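What follows is calculated from the coordinates using simple rules that are stated; it is not laboratory data. The structure presented is a predicted model; accordingly, all values stated were derived computationally and were not measured. Neighbour counts are summed over all protein chains in view; Cβ atoms, including those assigned to glycine, are modelled from backbone coordinates with ideal geometry.
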Amino acid sequence: PRMETFDSFLHDFLADRLTPYLKSEPVPESQPDPVKVVVANNFDSLVNDPAKDVLIEFYAPWCGHCKSLAPKYEELAQKLAKESGIVIAKMDATANDVPQPYSVRGFPTIYFAPRNDKANPEPTRAAGRSKISLTTWLGRLLMSWMNSTGPAIRRSLLASRSCRLVALLL
């Protein structure tokens, strides 16, 4: 029986039918708050949604900097709540596996995952963790992308509601 079990496991592995184990909190049943809660088991559907720009904070519940950032992050999310093209999210990185290519070495760690490049999320370079520094960083990031793209992509970015809204917040 052991060899049959191993043989079955090996066939499933080679056929890519195995589901990897992820440390994950339960997926929230509803998300009424403007800051969306991400856990390992809903990461792909929320953060890697190709139709959304996503700002995600990886936090630790015990972290003082994270607690200080929370009301500012909530305020930013509140201002962007009606914007369908952008998601403000958070993930408890102590209770959930953080997928590649994200790297969390301290708390809070904030990334921007643009709709057009989910494989290369951008870590914040914000000097502070205020709403103004975050929106300024987002605006500079969007301007940098516009300057480094071709005319068709630039027109698409300029037409995006996320880009216009972030520009209004600056």
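Kindly flag which residue pairs out of K67/K118; K23/K52; K36/K118 have an alpha-carbon separation exceeding 21 Å in this structure. Could the numbers behind the result be given before it?
On the way: K67/K118 27 Å; K23/K52 25 Å; K36/K118 18 Å.
Correct reply: K67/K118; K23/K52.
What's the extension gain from N116 to F6 if we count 0.36 nm per residue and subtract their Cα-Cα distance? Walk me through the numbers before you get to the answer.
Numbers: separation 110, 0.36 × 110 = 39.60 nm, distance 4.12 nm.
Contour length minus Cα-Cα distance gives 35.5 nm.
Using 7 Å Cα-to-Cβ label points, what is the Q31/F13 separation (nm, one decimal)?
3.4 nm
What does the highest-first list of 66-73, 109-116, 12-19, 24-31 look like by mean Cβ count within 10 Å?
Numbers: 66-73: 17.1, 109-116: 19.0, 12-19: 8.6, 24-31: 11.2.
Ranking the peptides 66-73, 109-116, 12-19, 24-31 by packing returns 109-116, 66-73, 24-31, 12-19.
Applying a 10 Å radius around every beta-carbon, put 43-55, 85-97 in order of their mean neighbour count, most first. Numbers along the way, then the final one.
Details: 43-55: 17.0, 85-97: 19.8.
The peptides rank, most packed first, as 85-97, 43-55.
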